[in-house]
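To start, the structure under review is shown below, and the notes come after it.
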Amino acid sequence: MHWFYAVWVEGTPVEEAVALLKGDPASGVPDRFEGCWGWVDEDDEGALLAGPIGDWTLLIGDWRPTEEDALVTLTRGGGRAFAVSWNEDGTSFLKYAAGGQVVTAFDLFSPAERHGADPAALDPFMDGLRFDIDDAEPAESFTSALTVIGRVTGRRLDREWLDAPHTTYSIPRPAAIAP
């Protein structure tokens, strides 16, 4: 795998989060993280592996749900959401949204260049982590982003979650996700 895209949504049940992304909750089939990579086609319909992670819902799939419009949609009811992306071609970021707006977003390799309503909102959760590092260790920036999310949500993405059974849902073409 040469990429990873995931979204955490607070207080929104799995099927509701899928529906907010214009996915089909009725399309759910049992699945696990280890077997879910054959169904993602970034140019056509895709799928999301989804399951609860503490009080949050975690959705793993392609890039579409990590777009800022999708995060705004997921948080419009007052909740919070995180998106993380790692792509060996250079698209790697951490985004945090709350209450229907992007609070902060930054490239994992250029964390000083941020945008959003409160670019410094995640600073208290970034203590001791490294993002702006050379290309020799890009995985450290990605694991630092996952650590930030774990610190805020209260639950790290771990082997237990990855090995547990979850559900895969169909999602539409890119244009259908935006509000």
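The values are calculated or read from the model by the stated rules, or taken from the named source; none is laboratory data. Note that the coordinates shown come from a computational prediction; the quantities given were computed from them, not determined experimentally. FYI the Cβ positions are ideal-geometry reconstructions off the backbone, even for glycines, and counts take in every protein chain you see. Keep in mind that these areas ignore ligands, DNA and RNA; they rest on the heavy atoms of the full protein, side chains included. Shrake-Rupley method; radii C 1.70, N 1.55, O 1.52, S 1.80 Å.
Quick notes on this structure:
- Members of region 132-179 that are under 19 Å from Ser92 (Cβ atoms), at pLDDT below 90 and hydrophobic (A, V, I, L, M, F, W, C): Ile133, Ala136, Ala139, Phe142
- Some residue of region 112-121 being surrounded by 14 or more Cβ atoms within 10 Å (Cβ to Cβ) and at pLDDT below 95: yes
- Selection within region 19-35: residues that are more than 13 Å from Gly51 (Cβ to Cβ) and among the small types (Gly, Ala, Ser). The member of this set that is modelled with the lowest pLDDT is Gly35.
- Gly54 meets the stated requirement of being closer than 19 Å to Val148 by Cβ and surrounded by fewer than 22 Cβ atoms within 10 Å (Cβ to Cβ).
- Test result for Trp39, among the aromatic types (Phe, Trp, Tyr), more than 15 Å from the chain's Cα centre (by Cα), open to solvent by 10 Å² or more (accessible area, probe 1.4 Å) and at pLDDT below 90: yes
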